[in-house]
Every structure is written in structure tokens, then in C-alpha cells.
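Contents: one structure, followed by commentary.
The values are calculated or read from the model by the stated rules, or taken from the named source; none is laboratory data. Note that the coordinates shown come from a computational prediction; the quantities given were computed from them, not determined experimentally. Here Cβ is always computed from backbone atoms with ideal geometry, including for glycine, and neighbour counts include all displayed protein chains.
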Amino acid sequence: MLFAAARRHRLLAAGTPAGLPLAVVAVDTLMWHRASPEVLGYLSGEPELRQLLAHALVYRLVTEVVRHTGTAGVDAAARPHSRSPI
């Protein structure tokens, strides 16, 4: 059901692979809901599935780090006065 819903909603930012939302749902299902890896069989027709899953896993891990630690370091690095001269 989740995979079917994700397939219907393919409105993405420019440059985002169309299968990425499906891969994020798959990663979330495996990580948070402890689904069996066999659920990936539902996505067997997706082109470049392994690459999409790797991208989704990195995305999810980064969002978890940001959620737990915040963005203070990123915000400080973005300020012009905080950059060191080259």
C-alpha cells in the first residue's frame, strides 16, 4: 500500500530521480518498521534500484543527524564572517 501511494505522487524537484520517494519509503520500512528485506521485491521493476536505495539511506541518515543535533555548524559555516580567509 505504501509503495502504491508513493508511485502515484511523482511530483519532485528538478533533478530528483523519480524513484527516490519509493526508495525512501523502502528504507523507512526496513529501518523503522523492521520489515523483511523481501519487501524490496515490490520495487524490482524500478530502474537503478540499488543506487536509489543507497541515496535514500544516506538522505535518511543525514536527516536523522540534523534532527538530533541541529544545524548550528551548518548555519555558522554559511555566514560570510565565519569563513576563514584562503
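Quick notes on this structure:
- Cβ-Cβ distances below 9 Å connect the following pairs, each with a first residue in the range 28-48 that is assigned to a helix (DSSP H, G or I), a second residue that is modelled with pLDDT under 90 and surrounded by fewer than 14 Cβ atoms within 10 Å (Cβ to Cβ), and a separation of six or more residues or different chains: Tyr42/Ala4.
- Residue that is modelled with the highest pLDDT, among those in the range 49-86 that are among the small types (Gly, Ala, Ser), over 24 Å from Pro17 (Cα atoms) and in a helix (DSSP H, G or I): Ala72
- In the range 1-44, the residues that are small (Gly, Ala, Ser), at pLDDT 90 or above and exposed (fewer than 13 other Cβ atoms within 10 Å of the Cβ): Ser36, Gly41
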